[in-house]
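A.B. asks: Below are the C-alpha cells for one structure; questions will follow.
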Amino acid sequence: PVSDFRDDVEQAYNKLLTIDAELAQASLSFRTDEGDKAQFQNPAFGTLELLDDIANVPFFQLDTSYAERLDFERGNVESDYLFAYVPSFGLAHILPGPGRAHYLHWVVELDAESVGFVHDQDQGIYSAVFVASLEIVPLDDENRLVVDQRTESFVTIDQEQNTSLKLPSAHSGMTPLIPGSYRARLILRNRACPSRQETDCFKSYTLFESNLNVPEWQDERPELSELVLAYGSEIRNEPLYRPFRFGQVEIFPNPRGVYSIGDDLVFLIEPRNAPPGSRVQFVVEGGEPAGKTWVEKTVSVAAWATGPMVQTLSLAGIDGGRFDLVATLVDADLVELSRKQVPFIVSPRTSITRPGVRGSIAPPKPEVPGVVATILGEQYARLSDQESARIQLELAIRENPRLGPARELLADLLLDLDEIDGVFAVLEPLVGNVPDRFEVLAILGEAHFRRKQYTESSELLEKAITLKRPEARLLNMLAMAHDELGNRARALEILERSLSLDPEQPSMRDLLEKLKAGGSGTPPRP
C-alpha cells in the first residue's frame, strides 16, 4: 500500500513527549535552523540533506553553483527547486474548523511524468521525499510574513502497487489562519536520490499561488462555506481534522475541476448557523443552451447537524462544456440566506485520470489542546497585534499548561510590553523541563538584565549562546552585563564578536573603544 509514515513517526514523537518535551523536540531534526516544531512534523528533510552532506564531504566538494542563480525574492532561499520546474494544478480553500478558526486547506496535483521515485529492490518499494514551503503575506503588506512553514512528507509505494507511479500524485496540507486578506505562495519540491551522488538525484519544484480571504468567526449569521470540488470521498475509522478530512469523512479534492461525461460530481460544503427548517439547494447550470438548469437537488440541513456535508450529483446526460455548481441556503420559507458557486468542466473524454499517489504534508493537530490558539497567537504577533496575540496565547496555556511553545511566545510578548513579572511567571514552569532550551534562556536572560540582575543574566545568556548562533542584540546584552560586573575582558571579547556579525552598530563600537581605553559605561538598553 501507499504510505507516508505519518502514523509511525507521530506515535514515536508522542511517546517521547511523555518522557521529555525537549527530547521529543530534538528528535524531529538534526539541524537547529529548521524552526520550532510546535506543530508535529515528520522527520525533517534537512536532516536527510545533512546526513548526505556529512557522508560526501571527504570525497566531494559541496556544490555551490546554485548560488549564482539565486532569486532574491521575499522568503527563504532554497536551492532544490531551482533545478527543474514542473507544471501542476493547485486548489486552496478557506473552511471552518476546530478551535473557532478558519483553516486553509490546499492541494497540489502533479502529472506522473513530473514526479520522481527511487526503487529499492531489496525492500521492494519506491520512495520519494516531498517538501512544501508555504508563505502567506497580507495583501496590503507583502513584506510581512504571517505564515512561514517548511514541512516534509515521505511517500513509499509497495512493489505490487507500482502501477500507481503511472498516475498523477496529489499532495495536501492545512493550517489555521487569523482573519484577513492574504496571498499564499506554495513551493512543492520533489527529491528522489538513488545514490549519494548529488548528480544522480531527481529534483524538481512546482509553484502555486492564491489569494485568500479569511472571515471573522461568527456564530449568528447563517452562511455557507466555500464549495470544494472532489473526485470522491471515503469514510475513515478515526475522527480527525486533517487536510480535506473532516471527522470520519475524507474527500479527494479535484484541483483540475474537470469531470468526464457520465461522472459523478462530488463536492463538499458546510452550512453554519442555519435556522430550523433550512435546506441547501444544489443546481448545475451552464453549457448549451445558455442558462439551462441540468441538475437540481435539495438537502435538509437537519440531516447534517454539525460539520460539512458531502454530496454527489450525477452528470449523466450532460455533454461536454463549462458549467457552474450553485449552492443556495434557504430557510423554511425559501428565503435565500447564503449562496456559493464554483465552475467546473465536463470533458468529452470517457474517463479522467485520477491521482494514484496521495501524500499529506504534516499538518498541525487541532485535537491537541492549545495548538490552534498557539498558531493563531503567533500569527497575530507577526502582524504586531499584541492584544489579540496575548488573548490567544493565554487561551492556549489555559487549555494546555504544558505547551512550551505557547509559553515562550507569550513570554517574548510580555518582554516587549516590559511586563517582567509576567515573563518569570510564564516561563517558570518550563525551566526545570527544558534547562537547555535557547529560547527560554534568552528570554529569561533579558528579563534579568532589565531588572539589573547582571549575574543571573550573564549566566543564562552565556549558556544560551552555546546552544544556537545568537543575534548581535543578544551578544550586546551579555557584553553589557559583564561590563556591569567588572568582567571587562569578557565584555570586550563578546562585543568584538557582535561587531563581526553586524559592523553597523555605532553605540556598540563606542562602548568597545571606551572599554579598550580603560573606561566603562553602558549605553542605552539594546
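The values are calculated or read from the model by the stated rules, or taken from the named source; none is laboratory data. Treat the numbers as computed from the prediction; the structure is a model and nothing was measured. A quick note on method: Cβ atoms are made from the backbone with ideal geometry, for glycine too, and the neighbour counts reach across all protein chains shown. Side chains are part of the model used for accessible areas, which takes the heavy atoms of the whole protein and leaves out ligands, DNA and RNA. Shrake-Rupley method; radii C 1.70, N 1.55, O 1.52, S 1.80 Å.
A.B. asks: Modelled label-to-label distance, ASN143 and GLN281, 7 Å Cα→beta-carbon offset: nm?
C.D. replies: The two pseudo-label positions are separated by 5.1 nm.
A.B. asks: A further question follows. Computed from the mean reciprocal separation of all distinct C-alpha pairs, what Kirkwood hydrodynamic radius does region 203-323 have, in Å?
C.D. replies: Values: mean 1/r = 0.0604 Å⁻¹.
Evaluated over region 203-323, this radius sits at 16.6 Å.
A.B. asks: Please give the length that would be gained between ARG488 and LEU167 if that part of the chain were fully extended, namely 0.36 nm times their separation in residues minus their C-alpha to C-alpha distance (nm, one decimal). If you can, show how the numbers build up before the last one.
C.D. replies: Values: separation 321, 0.36 × 321 = 115.56 nm, distance 6.73 nm.
Full extension of this stretch gives 108.8 nm more.
A.B. asks: How far apart, in nanometres, would the label points at ASP219 and SER507 be if each is projected 7 angstrom from Cα along the Cα-to-Cβ direction?
C.D. replies: The two pseudo-label positions are separated by 4.7 nm.
A.B. asks: Fully extended, how many nm does the chain gain between GLN248 and SER314 (0.36 nm per residue separation, minus their Cα-Cα distance)? Walk me through the numbers before you get to the answer.
C.D. replies: Values: separation 66, 0.36 × 66 = 23.76 nm, distance 2.35 nm.
Contour length minus Cα-Cα distance gives 21.4 nm.
A.B. asks: Please work out the FRET efficiency for the pair GLU496 and HIS119, using the Cβ-Cβ distance as r and a Förster radius of 51 Å; give the result to the nearest 0.05. Walk me through the intermediate numbers first.
C.D. replies: On the way: r = 54 Å, r/R0 = 1.05.
About 0.40, to the nearest 0.05.
A.B. asks: With the cut-off at 1.5 for a/c, could you classify region 87-175 from its C-alpha gyration tensor as rounded, prolate or oblate?
C.D. replies: Working: a/c = 2.49, a/b = 2.30, b/c = 1.08.
Judged from the Cα gyration tensor, region 87-175 comes out prolate (a/c at least 1.5, a/b above b/c).
A.B. asks: When the expected Rg is taken as 2.2 N^0.38 Å, what fraction or multiple of it is the alpha-carbon Rg of region 368-457? Intermediate results must be reported in sequence, preceding the final value.
C.D. replies: Values: Rg = 12.6 Å, N = 90, 2.2 N^0.38 = 12.2 Å.
Normalised Cα radius of gyration, region 368-457: 1.04.
A.B. asks: Here is a further query. I need the calculated FRET efficiency for the pair ASP158 and ARG339, taking r as the beta carbon distance and R₀ as 41 Å, to the nearest 0.05.
C.D. replies: Numbers: r = 46 Å, r/R0 = 1.11.
Efficiency, from the Cβ-Cβ distance: 0.35.
A.B. asks: Starting from the amide H of LEU167, placed 1.01 Å from N in the peptide plane, find each other amide H under 5 Å away whose residue is 5 or more places distant or on another chain.
C.D. replies: GLY356
A.B. asks: Calculate the radius of gyration of the Cα atoms of region 379-522 to one decimal place, then report Dmax, the largest Cα-Cα distance, as a whole number, both in Å.
C.D. replies: Answer for region 379-522, Rg first and Dmax second: 16.5, 54 Å.
A.B. asks: Now for a different question. Please list, in order, the residues from region 115-137 whose amide nitrogen is less than 17 Å from a point placed 7 Å along the Cα→Cβ vector of LEU207.
C.D. replies: Inside the label zone: 132-137.
A.B. asks: Could you give each residue of region 193-202 its phi-based ³J(HN,Hα) in whole Hz, using Karplus coefficients 6.51, -1.76, 1.60 with θ = phi - 60°, and x for Gly or Pro?
C.D. replies: 10, x, 8, 7, 6, 4, 5, 7, 6, 8
A.B. asks: If you don't mind, there's one more thing I want to ask. With the cut-off at 1.5 for a/c, could you classify region 273-373 from its C-alpha gyration tensor as rounded, prolate or oblate?
C.D. replies: Values: a/c = 2.72, a/b = 1.17, b/c = 2.33.
Note, shape of region 273-373 comes out oblate.
A.B. asks: At a 1.4 Å probe, what is the % contribution of carbon and sulfur to the accessible area of region 337-404?
C.D. replies: Values: 1640 of 3270 Å².
Heavy-atom surface of region 337-404 belonging to carbon and sulfur, 1.4 Å probe: 50 percent.
A.B. asks: In a shell of Cβ-Cβ distance under 13 Å around ASP111, excluding ASP111 itself, what net charge do Lys and Arg (+1) and Asp and Glu (-1) give? Before the final figure, lay out the partial values.
C.D. replies: Numbers: positive: LYS166, ARG256, ARG354; negative: GLU109, GLU113.
After counting each charged neighbour, the total is +1.
A.B. asks: Which whole-number percentage describes the relative contact order of region 129-168, with Cα contacts under 8 Å and a sequence gap of 6 or more? If you can, show how the numbers build up before the last one.
C.D. replies: On the way: 41 pairs, mean separation 15.5, N = 40.
Relative contact order comes out at 39 percent.
A.B. asks: Further question on the same structure: Exactly which trypsin sites (Lys or Arg not before Pro) in region 439-479 are in a DSSP loop and have at most 10 other Cβ atoms within 10 Å?
C.D. replies: On the way: sites: ARG450, ARG451, LYS452, LYS463, LYS468, ARG473; in loops: ARG451, LYS452, LYS468.
Of the trypsin sites (Lys or Arg not before Pro), the ones in loops of region 439-479 whose Cβ has at most 10 other Cβ atoms within 10 Å are LYS452.
A.B. asks: FRET efficiency for VAL299 and ARG398, Cβ-Cβ distance as r, R0 = 35 Å, nearest 0.05? Show your work: numbers first, answer last.
C.D. replies: Numbers: r = 38 Å, r/R0 = 1.09.
Efficiency, rounded to the nearest 0.05: 0.35.
A.B. asks: Could you work out how far the C-alpha centroid of region 383-440 sits from that of region 480-508, in angstrom?
C.D. replies: 28 Å
A.B. asks: Distance from the Cα centre of region 266-315 to that of region 144-204, in angstrom?
C.D. replies: 33 Å
A.B. asks: Still on this model: Run the paramagnetic zone check for SER181: 7 angstrom along Cα to Cβ, then residues of region 86-107 with backbone nitrogen under 17 Å.
C.D. replies: In region 86-107, the label zone of SER181 (backbone N under 17 Å from the point 7 Å along Cα→Cβ) covers 94.
A.B. asks: How far apart, in nm, are two points set 7 Å out from the Cα along the Cα-to-Cβ line at ASP385 and at ASN273?
C.D. replies: Result: 1.7 nm between the two label points.
A.B. asks: Please report how far the C-alpha centroid of region 85-127 lies from that of region 224-240, rounded to the nearest whole angstrom.
C.D. replies: Each part reduced to its Cα centre gives a spacing of 16 Å.
A.B. asks: Ranked highest first by average number of other Cβ atoms within 10 Å, how do 412-418, 233-239 line up? Don't skip to the answer; put the middle values down first.
C.D. replies: On the way: 412-418: 16.7, 233-239: 10.9.
Top to bottom by mean Cβ count within 10 Å: 412-418, 233-239.
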